[in-house]
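Below is one structure, written out as structure tokens, with a few remarks after it.
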Amino acid sequence: MTEWTHRPVLLAECLEGLRIRPEGVYVDGTLGRAGHAREIAARLTGGGRLIAIDQDQAALDAAPARFGDLLERVTLVHRNFRDLPAILDGLGIGGVDGILLDLGVSSPQLDDASRGFSYLHDAPLDMRMDQRAALTAADVVNTWDYAALRDILSRYGEERYAPQIAAAIVRRRERQSIRTTLELVEVIRAAMPAKALRERQHPAKRSFQALRIAVNDELGAIAGTMEAAIPRLNPNGRLCVITFHSLEDRIVKTAMAAAARGCTCPPEFPVCVCGKRPQVTLCTRKPISPTPEEVEANPRARSARLRVCQRCAGGLMT
């Protein structure tokens, strides 16, 4: 099989977290370069199956070469992982033994300047992970009002200069539409104070993150998938989620904690009347971080955090 230089983040930790059974059925909801998926498929045998999902057609086009002979154990699906219940229903699969979600933007998307994710190369303002989607970053930048722009820059990018940047975008587009990545970078730079431009981090990094999240509704997809994924796990099945910033991690942490808690009665109630039981047990009280050795070998892994939970043996929460 061809060797690939791609380094999947927290690979050993994910494989340990999934506890793969050779005859089991598993889902990789974010195929990307297939680094995790290929290792999962390699651990399956005759009856085992991997459902590999990606909304980016480029990832699916590259998959046969990356899987090689392992492709016979894999079902490729071109959809967003938020559609997991419909995907499994369409395949006639009631429950699975493990689900992996790597929420990082895949390297091919970042490295392909034409996709418009990078603030370092000039390209049309696109940022769509799924090229079939209608909304682009250019649409957001040129049509959303000041309040909406300020809100996403502040919430999704945690950009402290969100008001100034949003105002600068509105002023610029009144004269001329902002159509390319470097045009937007120019507007962002001009809106920020000199001290911010001297920081190590690129001045447009947070704004580009915010736009990417908004264009692809990333946080909505994560929240919906967390709610939908746990009930589709078989008893003792595992859910492993890799996040890359605090907004994602907060959603995953909250969802897993809620599923592990079960009872939703007010604390002052003397006995439980809701009848709900825990759906999962938490395998990671604190997220797993990459080792210093992994970060040195793969700097993109620096901010990765892995959380794992296991479906309770008792079945669905009532």
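The values are calculated or read from the model by the stated rules, or taken from the named source; none is laboratory data. Predicted, not measured: the structure shown is a model, and the values here were computed from it. In this analysis, Cβ positions are derived from the backbone assuming ideal geometry, glycine residues included, and neighbour counts consider all displayed protein chains. Side chains are part of the model used for accessible areas, which takes the heavy atoms of the whole protein and leaves out ligands, DNA and RNA. Shrake-Rupley method; radii C 1.70, N 1.55, O 1.52, S 1.80 Å.
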>> Based on DSSP loop calls and a cut-off of at most 12 other Cβ atoms within 10 Å, the longest stretch of the chain free of exposed GluC sites (Glu not before Pro) is what?
In response: 24-198
> Say we join alpha carbon atoms closer than 10 Å with springs in a Gaussian network model of the chain; which of Thr180, Thr264, Thr45 then has the biggest fluctuation?
Replying inline: Thr264
>> Students often get this wrong: which residues of region 114-158 have the backbone nitrogen under 19 Å from the point 7 angstrom along Cα-to-C-beta of Ala86?
In response: 129-135
> Can you list the equivalent-ellipsoid semi-axes of region 49-91, largest first and in whole Å, using the square root of 5 times each Cα gyration tensor eigenvalue?
Replying inline: 19, 13, 5
> Given the rule -39500 (n - 2.57) for each run of at least 4 DSSP H residues, summed and divided by the residues of the chain, what is its mean residue ellipticity at 222 nm, to the nearest 500 deg cm²/dmol?
Replying inline: -12000 deg cm²/dmol
> Among all the lysines, which ones have a C-alpha under 20 Å from Lys195's C-alpha, if same-chain residues fewer than 8 places away are not counted?
Replying inline: Lys205
>> If you scale each eigenvalue of the Cα gyration tensor by 5 and take the root, what three semi-axes come out for the chain, rounded to whole angstrom and sorted largest first?
In response: 36, 25, 18
>> If the elastic network links every pair of Cα atoms under 10 Å, which of Gly46, Gly262, Gly104 fluctuates the most in the Gaussian network model of the chain?
In response: Gly46
> Evaluated at 25 °C with a viscosity of 0.890 mPa s, what Stokes-Einstein diffusion coefficient in µm²/s does region 1-158 have when Rh comes from the Kirkwood expression over alpha-carbon pairs?
Replying inline: 143 µm²/s
>> Using 0.36 nm times the number of residues separating Arg7 and Ala58, minus their current alpha carbon distance, what extension gain do you get?
In response: 16.5 nm
> Leu233's amide H: which non-local residues (gap 5+, or another chain) put their own amide H closer than 5 Å, with H modeled 1.01 Å from N in plane and none for Pro or chain starts?
Replying inline: Val96
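How many percent of the accessible area of the chain is carbon or sulfur, using a 1.4 Å probe?
Roughly 51 percent, rounded to a whole number.
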> Which translational diffusion coefficient, to the nearest whole µm²/s, is obtained for region 92-194 from the Stokes-Einstein equation, given a Kirkwood hydrodynamic radius over C-alpha pairs, 20 °C and 1.002 mPa s?
Replying inline: 140 µm²/s
>> Let me check the size of region 1-74 from its C-alpha atoms; what are the radius of gyration and Dmax in Å?
In response: 11.4, 30
>> Roughly how far apart, in whole Å, are the Cα centres of region 247-318 and region 118-161?
In response: 30 Å
> Comparing Val185, Val273, Val295, which has the greatest mean-square fluctuation in the GNM of the chain with Cα pairs linked when under 10 Å apart?
Replying inline: Val273
> How much accessible area per residue does region 42-172 have, in Å², with a 1.4 Å probe?
Replying inline: 43 Å²
> Could you give the nm distance between label points at Ala65 and Ala190, where each point is 7 Å from its Cα heading toward the beta carbon?
Replying inline: 4.2 nm
